[in-house]
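Student: Pasting a structure below so you can have a look.
FYI, it's all coordinate maths here, none of it is from the lab. Because the structure is predicted, anything quoted here is derived from the model rather than measured. Virtual Cβ from ideal backbone geometry, glycine too; neighbours counted across all protein chains shown.
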Amino acid sequence: MKLGFAVKVLGDGGLPSHDARRWQSQPHLRVSIERLGAIVDYLERHDLRMYRMSSDVVPYGSHPDLPQFHGQVEECAEELATLGERTRAAGIRLSVHPGQYAVLNSEHAEVRRAAATELELEAALLDAMGLGPEAVVVLHVGALAGGKEAAVERFLRSFEALGERARARLVIENDDARYGLGEVLALAGKTGLRVVWDAHHHACYDPDKIPAEEALRLALETWRRRDGIPKIHYSSPKTAAEESKRKVGRRVERRLVLPPLKAHADLIDPISFESFLRGPAAAAPDFDVMLEAKAKDLALRRLRDQLAKRGFGWSDGMLTGPAAPG
DNA sequence: CGATGTCAAGGAATC
DNA sequence: GATTCCTTGACATCG
């Protein structure tokens, strides 16, 4: 089991994830590739083998009003192939996850088109890197506008209109409020898409009341042998440990602020994660875990240390089972 | 240098 | 139809 983290590197003083300059400064994928190279150095240095790239690695790469930015993947074909080969050789699993603005089932045709363009771009990026089928583009089903039935229908139509490469890279994830795992699995059945189960979202929203062990099993079953190792998302909910202070007259009042249930904590709760490993995960076939925590790579490294104290092992970027007691 | 505003982008609740 | 929140990070600008 590989454990991964998303986008930002906080360790070793912090590393930039992409060329984030604004369009006026002519940012370029070439710069992002150099930064990715430094991140791969970091991953190797710390024996980490799973990473989600920023959805902005290709600056303005699908912006409708900035066509001069559209050829970047092709322009960088050579550099991408080199970087891809390097990550492949290192056993590093890569993925991307478009932001909240990519809505494939929007009511607005313009928005659907933009989402499709974004998916094509990200698929082209992974293809140019020569990555295997386990390098996926993770997307939520999207909006509810117009009613769920119509929204699902729009998703299906948009999906079918995608190019072959985008369809091949796409996987769908259950979200925390609109499309629960049951619905996502039904869509997977109709499209052949693989499913990434997000355990935290599942705890937030699961109208079908699917027990965790079954949810995990069903999601993993959407991955066929030729798709590579399946993966899931895991995070811990933010707790109300933080207090806010506000002035009341001359006095300062301390108030407990409850975060929304869906908010991610800074770290992964090692006790819950261990329960997950020993419970639902124990009976499942091999899979990888993308950790979503605000402390990013530091959360992963902390969790790894904590699991080590609980008897789990780590070798070649993989979490291994607990040593036999005694 | 530190503080503040802004960014390509949507959805949904609210009025 | 317009406004605001959601929620994120870092560039860009200003004092």
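Student: Mind ranking A:189-200, A:312-323 by how tightly packed they are, going by the mean number of other C-beta atoms within 10 angstrom, highest first?
Tutor: The peptides rank, most packed first, as A:189-200, A:312-323.
Student: Going toward the positive end of the dipole of chain A, with +1 on Lys and Arg Cβ and -1 on Asp and Glu Cβ, which of A:Trp23, A:Ala323, A:Val138 do you reach last?
Tutor: A:Ala323
Student: Report D for the range A:34-189 in µm² per second (integer): Stokes-Einstein, Kirkwood Rh on Cα pairs, 20 °C, 1.002 mPa s.
Tutor: 130
Student: For the peptides A:222-229, A:26-33, what is the packing order when you average, over each peptide's residues, the other Cβ atoms within 10 Å and list the highest mean first?
Tutor: Descending mean neighbour count gives A:26-33, A:222-229.
Student: Using a 7 Å offset from the Cα along the Cα-to-Cβ direction at both A:Lys309 and A:Cys204, what is the distance between the two label points in nm, to one decimal?
Tutor: 2.9
Student: If one computes P(r) from the Cα atoms of chain A, what percent of pairs lie at distances over 34 Å?
Tutor: Cα-Cα pairs of chain A separated by over 34 Å account for 25 percent.
Student: Let me ask something additional. What distance in nm separates the simple spin-label points at A:Lys262 and A:Trp23, each placed 7 Å from Cα in the Cβ direction?
Tutor: Roughly 2.9 nm, to one decimal.
Student: One quarter of the convex hull surface, Cα atoms only: what value does that give for the range A:253-304 in nm²?
Tutor: The directionally averaged projection comes out at 5.0 nm².
Student: Okay, next question. Whose amide H sits under 5 Å from the amide H of A:Gly317, counting only residues 5 or more places off or on another chain, with H placed in the peptide plane?
Tutor: none
Student: Rounded, prolate or oblate, given the Cα gyration tensor of the range A:120-230, with a/c below 1.5 counting as rounded?
Tutor: Judged from the Cα gyration tensor, the range A:120-230 comes out oblate (a/c at least 1.5, b/c at or above a/b).
Student: Once you charge only the Cβ atoms, +1 for Lys and Arg and -1 for Asp and Glu, what is the size of the charge dipole of the range A:83-229 about its Cα centre, to the nearest 20 debye?
Tutor: For the range A:83-229, the charge dipole is close to 440 debye.
Student: If the elastic network links every pair of Cα atoms under 10 Å, which of A:Leu43, A:Leu15, A:Leu131 fluctuates the most in the Gaussian network model of chain A?
Tutor: Comparing A:Leu43, A:Leu15, A:Leu131 in the GNM, the peak value goes to A:Leu15.
Student: Quick check: pseudo-label points 7 Å beyond the Cα along Cα→Cβ at A:Glu110 and A:Glu85, how many nm apart are they?
Tutor: For A:Glu110 paired with A:Glu85, the spin-label model returns 4.4 nm.
Student: Could you estimate the translational diffusion coefficient of the range A:52-106 from the Stokes-Einstein equation, with Rh from the Kirkwood formula over C-alpha pairs, at 10 °C and 1.306 mPa s, in whole µm²/s? Walk me through the numbers before you get to the answer.
Tutor: On the way: Rh = 13.1 Å.
Here the translational diffusion coefficient equals 121 µm²/s.
Student: So, one more: Quote to one decimal, in nm, the extra length available between A:Asp316 and A:Leu15 on full extension: 0.36 nm per residue of separation minus the C-alpha distance between them. Can you show the working numbers first?
Tutor: Working: separation 301, 0.36 × 301 = 108.36 nm, distance 2.25 nm.
Value of the extension gain: 106.1 nm.
Student: Set the Förster radius R0 to 45 Å, insert the Cβ-Cβ distance between A:Ser275 and A:Gln68 as r into 1/(1 + (r/R0)^6), and round the FRET efficiency to 0.05. Spell out each step's value before the answer.
Tutor: Working: r = 52 Å, r/R0 = 1.15.
Here the calculated transfer efficiency is 0.30.
Student: Next up: Non-local amide H neighbours of A:Ala135 (under 5 Å, H modeled in plane, Pro and chain starts lacking H): which ones?
Tutor: Counting only residues 5 or more places away or on other chains, the set is empty.
Student: If amide H atoms are built 1.01 Å from N in the plane of the peptide, which residues on other chains or at least 5 residues away come under 5 Å of the amide H of A:Asp266?
Tutor: Those lying under 5 Å, H to H, from A:Asp266 are A:Lys294.
Student: Suppose every Lys and Arg Cβ carries +1 and every Asp and Glu Cβ carries -1, with no other charges. What dipole size does the range A:5-128 come out with about its Cα centre, to the nearest 20 debye?
Tutor: For this selection, approximately 360 debye.
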